[in-house]
Amino acid sequence: MNGMKIEIIPAIDLIGGQCVRLTQGDYGRRTVYSSDPLEVARSYEAIGVRRLHVVDLDGAKAASPRNLDTLRKIAAGTNLDVQYGGGIKSGEALRAVLEAGANRAICGSVAITDPDRFEEWLAAYGAEHMILGADIRAGKVAINGWQEASETDVRTVVGRFASHGLRQTICTDISRDGMLGGPNFELYAMLQEAFPEVEVTVSGGISTLDDIVRLDAMGLRSVIVGKAIYEGRITLKELERCLRNG
């Protein structure tokens, strides 16, 4: 575990200002983990986490951000580099998220439904602040809070934006999300090899530290961990050891 290079990014998923987890993106299968997201964010910062992944599940469903107050609290109450997604479909929403304290905005649906707009945002805000959220179901990108499938495959989407300066994508395999069964290693290996200039962030299925060690050995640069932490499969102690050694 010594010398791991991969960045570990804990996830906070928000519904009504509370930390929740969905299973396979199903809003009916939710568990509330904490009513105080700021406290959760601080507990991560205290062990050496630098970046936090915040998903506004209300926003993803409503098509505009709904948990900006919580984002403001986390941004003001920590020094974490916050990446925020969920409902960013307009220029106003994007500005609101960045002004509320997110350093990086994750855009998924809009990149599929209005790719020209996403390209404009990449140019206007810079590749360091824009993340393509590519959520995959059966190889195709899903949109609108995972409730709708598109006909576009992930490699095509990442390729299109990589040629317009994209440098970060979060790729979630929905079938693995919240299942604690291990990530889709082949998918991430393929994407990272195809687009060496893009940071491909692994999301969905992380169940143990071994998964993270394997991804690190494969040359992946960042990984999002959610349920495995909440369910105690990966403890904060283990995480801290990783972060301090890495």
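The set of residues in segment 206-239 being over 18 Å from ARG21 (Cα atoms), not in a loop (DSSP other than H, G, I, E, B) and not acidic (Asp, Glu) consists of LEU209, ILE212, VAL213, ARG214, LEU215, ALA217, SER222, LYS237, LEU239. Annotation: of all residues in segment 174-192 being over 19 Å from VAL141 (Cβ atoms) and open to solvent by 50 Å² or more (accessible area, probe 1.4 Å), the one that is nearest to the chain's Cα centre (by Cα) is MET179. Scanning segment 1-55 for residues that are assigned to a strand (DSSP E or B), touching a Cys at 6+ places or on another chain (Cβ under 9 Å) and farther than 19 Å from VAL223 by Cα yields VAL32, TYR33, SER34.
Checking each residue in segment 157-173 for being exposed (fewer than 15 other Cβ atoms within 10 Å of the Cβ) and either of a type in the set (Ser, Thr, Tyr) or on the phi > 0 side of the Ramachandran plot (or both) picks out SER163, GLY165. Restricting segment 195-211 to residues that are surrounded by fewer than 21 Cβ atoms within 10 Å (Cβ to Cβ) and among the hydroxyl-bearing types (Ser, Thr, Tyr), the residue that is farthest from CYS242 (Cα to Cα) is SER207. Of the residues making up segment 212-245, those that are in contact with a Gly (Cβ under 7 Å, 6 or more places away or on another chain), surrounded by fewer than 20 Cβ atoms within 10 Å (Cβ to Cβ) and of a type outside the set (A, V, I, L, M, F, W, C) are GLU240, ARG244, ASN245. For segment 49-60, the criterion of being of a type outside the set (Gly, Ala, Ser) and in contact with a His (Cβ under 6 Å, 6 or more places away or on another chain) is met by no residue. Identification of helices (runs of 4 or more DSSP H) wholly contained in segment 113-198 with 2 or more residues that are hydrophobic (A, V, I, L, M, F, W, C) and touching a Phe, Trp or Tyr at 6+ places or on another chain (Cβ under 9 Å) yields 115-125, 154-162. The residue of segment 22-64 that is nearest to the chain's Cα centre (by Cα), among those that are of a type in the set (Asp, Glu) and over 18 Å from ASN144 (Cβ atoms), is GLU45.
For the subset of segment 69-103 comprising residues that are charged (D, E, K, R) and either touching a helix residue (DSSP H, G or I) at 6+ places or on another chain (Cβ under 9 Å) or in a helix (DSSP H, G or I) (or both), which member is most open to solvent (accessible area, probe 1.4 Å)? Looking at the filtered set, the residue picked out is GLU99.
The values are calculated or read from the model by the stated rules, or taken from the named source; none is laboratory data. As the structure is a computational prediction, the values presented were derived from the model and not from experiment. Cβ sites come from the backbone with ideal geometry, for glycine too, and all protein chains shown count toward neighbours. Quick note on the areas: whole protein, heavy atoms, side chains included, nothing else; ligands and nucleic acids left out. Shrake-Rupley method; radii C 1.70, N 1.55, O 1.52, S 1.80 Å.
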